[in-house]
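The values are calculated or read from the model by the stated rules, or taken from the named source; none is laboratory data. Because the structure is predicted, anything quoted here is derived from the model rather than measured. Because the Cβ atoms are built from the backbone with ideal geometry, glycine has one as well, and the counts that use them run over all protein chains shown. Surface areas here come from the heavy atoms of the whole protein model, side chains and all, with no ligands, DNA or RNA. Shrake-Rupley method; radii C 1.70, N 1.55, O 1.52, S 1.80 Å.
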Amino acid sequence: VFVTRRCPPLQVKTHLQAQTLAAVAVGHQHNHEVSGDGQHGVAGLWRGVTGAVPRVAVGSAAQLATFTSAKDWWFGEGSWAAVLAGGMVSGVAVAVTMTPFDVVSTRLYNQPVDADGTLYRGFLDCILQISSKEGLLGLYKGIGAVYLRLGPHTVLSLFFWDELRKMVQHQQPPGP
């Protein structure tokens, strides 16, 4: 019963991060007093997942495809500088492809759930409402902050992955 009556941790985190004074509030305020007081039932555990799952799939695909392409085609193989440059290009691609999903997920997580119902009926409805009310750029709110978070993460992750890949390849005996 405890689990079915609580918000998932990510949803409560989003609510708490968005919480502010009424004078400067944007959107619905959930006003959690502690991190475990959200009560949205079992359905609340899954709210926002329709934006989070595609976010990960699209972001991972963009990250790996652009890193390999940028490193091999534009910068050449072998140089650590090429790996870092490929990681930076990949970080931009990740930010561009993931930000709309971040915006949609955040809106779905943070929408009011009360007697009046919800603001968005789902993933596609959220995209349509944002696009019609705020324009397509509304889906890219916060892209600078997203890049500042994902850019260094992408560069370092791909740099270390590439170095580990080279180490493993050098340790393997030559094939027949």
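Observations on the model:
- A simple packing score, the average count of other Cβ atoms within 10 Å per residue, orders the peptides 126-132, 104-110 as 104-110, 126-132, with the highest score first.
- Counting only protein heavy atoms and a 1.4 Å probe, the stretch 124-176 has 73 square angstrom of accessible area per residue.
- A crude spin-label estimate for the pair Lys166 and Thr68, with each label 7 Å from Cα along the Cβ direction, gives 1.9 nm.
- For the stretch 135-152, putting each phi into the Karplus relation 6.51 cos²θ - 1.76 cosθ + 1.60 with θ = phi - 60° gives couplings of x, 4, 5, x, 6, 10, 4, x, 4, x, 5, 5, 5, 4, 8, 7, x, x Hz, in residue order, rounded to whole numbers and with x for Gly and Pro.
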